[in-house]
Amino acid sequence: MASRRDALDLFTKSATSVLDAWFESDHVKAAFAFDSIVGNYAAPSTPGSAYVLLHHVFGEANGEKGAWGHAMGGMGAITQAMLKEAELLGITIRTDTEVSKVLVKGGSTSGVQLSNGETITAKKVIANVGPKLLYSQMIDEQHLEPEFRRRVRAFRVGSGTFRMNVALSELPDFTCKPGIHLQPHHQSGIVIGPTMNYLEQAYMDAIQHGWSTQPIVEMLIPSTIDPSLTPQGQHVASLFCQQFAPELPDGKSWDDCRELAAQTIIDTVTRHAPNFHDSIIAQQIHSPLDLERKFGLIGGDIFHGALGLDQLWSNRPFMGFADYRTPIRGLYLCGSGSHPGGGVTGIPGHNAAMEILRDR
């Protein structure tokens, strides 16, 4: 019974409420609360944020529960491994081939149309894009019921995420842990979000101004454990930054503000590691709008849709269509917009494959 109570708390309460019941230290609570707002455009005090915290810690890597792993060679190594296996099975993979429309005839899919006008016929189409993109931009509306289209319009997206990658001439020299020589913290997730109020204020600032002057930043330096990523003595770091409005207030555009936001992030890290700014050799910026344009993430949502109770389990993406099937026969959804949501688990694809095999 106690575990059921805990589960109910995690699905319905805010991270703040759950953490207050377990911990006294504000710094300890903030360390846990960070995971409650990763990919979640909300504050730790927002009801439902406790589940997002759970979502980030219930996995495992190499048999260690709650741990995250690093793919040697970078995240692209995962898809390259999938490519090699697919080619061994005789599968043809085409890249730089944008699908513009799912073709429908008599309530069933008949294939896809590419952006260059080419048509590929198929009895089954498996979509790894988000449900918002699939249903609002890739299927003609006459093939979807009005009530379903209304649900699609109301589907919540926008994770408040801003991503940066930087090449560094040396490791960050943190004032709390000095030195540019390799230390254990350089091989860990380094989170700038020291207090609950800091995390809360970042969200409030984003609502009012678009982003905070003191944003939440998680830095990972994968080159400290994977030397294949950089020349000797140099490093690459990823900056996962949270609470950047998917749509800026007052009619502003991310095209005009992305550089300023990136500078705010760099300045924030530099306050904690004074050598950071001057050690940057090159940088790559992905605002929420960049994430949408480059990766098809509507609203820049890294999870293909908010992880709220109304969009989880049998409701992901919509009640009645949580079994990876869609209103179009032969069309399946296999990405993060289906159960159980985002993260590099492979679970949505695995589950979708099982349902496709059943339908055969």
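The values are calculated or read from the model by the stated rules, or taken from the named source; none is laboratory data. The model shown is predicted, which means the values in this text are computed figures rather than measured ones. As a convention, Cβ positions derive from the backbone with ideal geometry for all residues, glycine included, and neighbour counts pool all protein chains shown. With ligands, DNA and RNA removed, areas are computed over all heavy atoms of the protein, side chains included. Shrake-Rupley method; radii C 1.70, N 1.55, O 1.52, S 1.80 Å.
Kindly indicate whether Gly107 is among the small types (Gly, Ala, Ser), over 30 Å from Ser212 (Cβ atoms) and touching a His at 6+ places or on another chain (Cβ under 8 Å).
Yes.
Among the residues of the stretch 346-355, which ones are open to solvent by less than 80 Å² (accessible area, probe 1.4 Å) and not hydrophobic (A, V, I, L, M, F, W, C)?
Gly346, Pro348, Gly349, Asn351, Glu355
One line per residue, one yes/no per condition, for (1) within 30 Å of Gln243 (Cβ to Cβ); (2) among the hydroxyl-bearing types (Ser, Thr, Tyr); (3) surrounded by 14 or more Cβ atoms within 10 Å (Cβ to Cβ):
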residue: Tyr324; (1), (2), (3): no, yes, yes
residue: His339; (1), (2), (3): yes, no, yes
residue: Gly342; (1), (2), (3): yes, no, yes
residue: Leu357; (1), (2), (3): no, no, no
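Looking at this structure, is Ile93 under 28 Å from the mean Cα position of the chain (by Cα), of a type outside the set (Lys, Arg) and within 30 Å of Tyr41 (Cα to Cα)?
Against the criterion (under 28 Å from the mean Cα position of the chain (by Cα), of a type outside the set (Lys, Arg) and within 30 Å of Tyr41 (Cα to Cα)), Ile93 does not qualify.
Of the residues Ile265, Ile298, Ile281, which is surrounded by fewer than 21 Cβ atoms within 10 Å (Cβ to Cβ) and among the β-branched types (Val, Ile, Thr)? Talk me through it step by step, then tell me what you get.
Working: Ile265 fails: surrounded by fewer than 21 Cβ atoms within 10 Å (Cβ to Cβ); Ile298 fails: surrounded by fewer than 21 Cβ atoms within 10 Å (Cβ to Cβ).
Unique residue meeting the criteria: Ile281.
Look at the stretch 229-246 and say how many of its residues are surrounded by fewer than 20 Cβ atoms within 10 Å (Cβ to Cβ) and part of a strand (DSSP E or B).
Summing the residues that are surrounded by fewer than 20 Cβ atoms within 10 Å (Cβ to Cβ) and part of a strand (DSSP E or B) in the stretch 229-246 gives 2.
Is it fair to say Gly39 is assigned to a loop (DSSP other than H, G, I, E, B), at positive phi, of a type in the set (Gly, Ala, Ser) and in contact with a Ser or Thr (Cβ under 6 Å, 6 or more places away or on another chain)?
Working: assigned to a loop (DSSP other than H, G, I, E, B): yes; at positive phi: yes; of a type in the set (Gly, Ala, Ser): yes; in contact with a Ser or Thr (Cβ under 6 Å, 6 or more places away or on another chain): yes.
Yes; evaluated as a whole, the condition is true for this residue.
Please name all residue pairs, on different chains or six or more residues apart, with Cβ atoms under 6 Å, provided the first residue is in the stretch 299-317 and is in a loop (DSSP other than H, G, I, E, B) and at pLDDT 95 or above and the second residue is basic (Lys, Arg) and open to solvent by 30 Å² or more (accessible area, probe 1.4 Å).
Ala306/Arg156
Would you mind listing the strands (runs of 3 or more DSSP E) fully within the stretch 99-168 where at least 3 residues are open to solvent by less than 40 Å² (accessible area, probe 1.4 Å)? Can you show your working first?
On the way: elements: 99-105, 108-114, 119-121, 125-127, 161-168.
Ranges flagged: 99-105, 108-114, 161-168.
Output the qualifying pairs, or none if there are none: Cβ atoms under 8 angstrom, residues six or more apart or on different chains, first residue in the stretch 7-26 and within 13 Å of Leu54 (Cβ to Cβ), second residue exposed (fewer than 12 other Cβ atoms within 10 Å of the Cβ).
Asp9/Ala21
For the stretch 139-165, what are the residues that are among the aliphatic types (A, V, I, L, M) and more than 26 Å from Gly39 (Cα to Cα)?
To start, the set of residues in the stretch 139-165 that are among the aliphatic types (A, V, I, L, M) comprises 139, 144, 152, 154, 157, 164.
Hits for the stretch 139-165 are Ile139, Leu144.
What is the one condition in (1) in a loop (DSSP other than H, G, I, E, B); (2) open to solvent by 60 Å² or more (accessible area, probe 1.4 Å); (3) of a type in the set (A, V, I, L, M, F, W, C); (4) under 25 Å from Gly349 (Cα atoms) that Met82 does not satisfy?
(1)
Restricting to the stretch 199-227, give me the number of residues that are closer than 17 Å to Leu53 by Cα and assigned to a helix (DSSP H, G or I). Steps first, please.
First pass over the stretch 199-227, keeping only residues closer than 17 Å to Leu53 by Cα: 199-200, 203, 216-218.
From what is left, the residues that are assigned to a helix (DSSP H, G or I) are 199-200, 203.
Selection size over the stretch 199-227: 3.
Scan the stretch 247-255 and give yes if some residue there is in a helix (DSSP H, G or I), crowded, with 18+ Cβ neighbours inside 10 Å and either modelled with pLDDT under 95 or of a type in the set (Lys, Arg) (or both), otherwise no.
Taking every residue of the stretch 247-255 in turn, none turns out to be in a helix (DSSP H, G or I), crowded, with 18+ Cβ neighbours inside 10 Å and either modelled with pLDDT under 95 or of a type in the set (Lys, Arg) (or both).
Determine, yes or no, whether Ile207 is β-branched (Val, Ile, Thr) and surrounded by 20 or more Cβ atoms within 10 Å (Cβ to Cβ).
It is false that Ile207 is β-branched (Val, Ile, Thr) and surrounded by 20 or more Cβ atoms within 10 Å (Cβ to Cβ).
Return the residues of the stretch 260-292 that are of a type outside the set (A, V, I, L, M, F, W, C) and under 15 Å from the mean Cα position of the chain (by Cα); say none if nothing qualifies.
Across the stretch 260-292, the qualifying residues are His286, Ser287, Pro288, Asp290, Glu292.
Take Asp226 and decide whether it is without any contact (Cβ under 8 Å) to a residue 12 or more places away in the chain and surrounded by 13 or more Cβ atoms within 10 Å (Cβ to Cβ). Walk me through how you get there before you give the answer.
Details: without any contact (Cβ under 8 Å) to a residue 12 or more places away in the chain: no; surrounded by 13 or more Cβ atoms within 10 Å (Cβ to Cβ): yes.
No: the conditions fail for Asp226.
Is there a residue being within 28 Å of Glu259 (Cβ to Cβ), in contact with a His (Cβ under 7 Å, 6 or more places away or on another chain) and among the polar types (S, T, N, Q) anywhere in the stretch 154-175?
yes
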